[in-house]
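The values are calculated or read from the model by the stated rules, or taken from the named source; none is laboratory data. Quick caveat, the model's predicted, so the values are computed rather than measured. Positions of Cβ are backbone-derived with ideal geometry, glycine not excepted, and every protein chain shown enters the neighbour counts.
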Amino acid sequence: MALYSEKVMDHFLKPRNVGAIENADGVGEVGNAKCGDIMKIYLKIENDIIEDVKFETFGCGSAIASSSMATELIKGKPVSEALALTNKAVVEALDGLPPQKIHCSVLAEEAIKKALQDYFDKNNIPYDAKEFPDCAHCDHCGMM
């Protein structure tokens, strides 16, 4: 049995939405000190719709594939749908990840939420802080 699904390999070898967005409406950066993965998500939002999303990821194939798939899942969607994206949805869309690589999908979810939180903060949009990871006190993120 293959360690990675065809979708994981496709998103690793041909990642979608790679790069940065100049003057992004929201930027989120997270990292995992244990494995060295770092993800940065950029959002361009118009009328509550994610018009564009890009990522820069330094990490393993699963981290790159998770970033790529996560951006595909939120592009063109309302902010509320992006906020509801879970790491489980990313894993399912990739047709699975090995158990030791699930943290990559968690990082993708957290990076998107950090970018959304940045967007809300920049635009003085109220939000429930419980919707966002507190990376300053967890083992997923050493970037804050």
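One table, with the values for the structure above:
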{"quantity": "Strands (runs of 3 or more DSSP E) completely within the stretch 18-103 that count 1 or more residues being among the basic types (Lys, Arg)", "calculated": "38-46, 49-58"}
{"quantity": "Single match in ASP10, ASP37 (criterion: among the acidic types (Asp, Glu), farther than 14 Å from ALA115 by Cα and touching a helix residue (DSSP H, G or I) at 6+ places or on another chain (Cβ under 6 Å))", "calculated": "ASP37"}
{"quantity": "Close pairs (8 angstrom Cβ cut-off, 6 or more residues apart or separate chains): farther than 17 Å from GLU72 by Cβ in the stretch 108-125, surrounded by fewer than 19 Cβ atoms within 10 Å (Cβ to Cβ) and of a type in the set (Ser, Thr, Tyr) anywhere", "calculated": "GLN117/TYR127; PHE120/TYR127"}
{"quantity": "Positions within the stretch 91-121 being over 15 Å from MET39 (Cα atoms) and in contact with a helix residue (DSSP H, G or I) (Cβ under 6 Å, 6 or more places away or on another chain), in sequence order", "calculated": "VAL91, ALA93, LEU94, ASP95, LEU97"}
{"quantity": "Every pair of residues 6+ apart whose Cβ atoms lie under 7 Å, when the first sits in the stretch 71-83 and is at pLDDT 95 or above while the second is part of a loop (DSSP other than H, G, I, E, B) and of a type in the set (D, E, K, R)", "calculated": "THR71/ARG16; GLU72/ARG16; PRO78/ASP48; VAL79/ASP48"}
{"quantity": "Failed criterion for ASP52 (all others in (1) crowded, with 16+ Cβ neighbours inside 10 Å; (2) under 16 Å from ALA108 (Cβ atoms) hold)", "calculated": "(2)"}
{"quantity": "Filtered residue count, the stretch 55-72, keeping only those that are within 27 Å of ASN23 (Cβ to Cβ) and surrounded by fewer than 20 Cβ atoms within 10 Å (Cβ to Cβ)", "calculated": "4"}
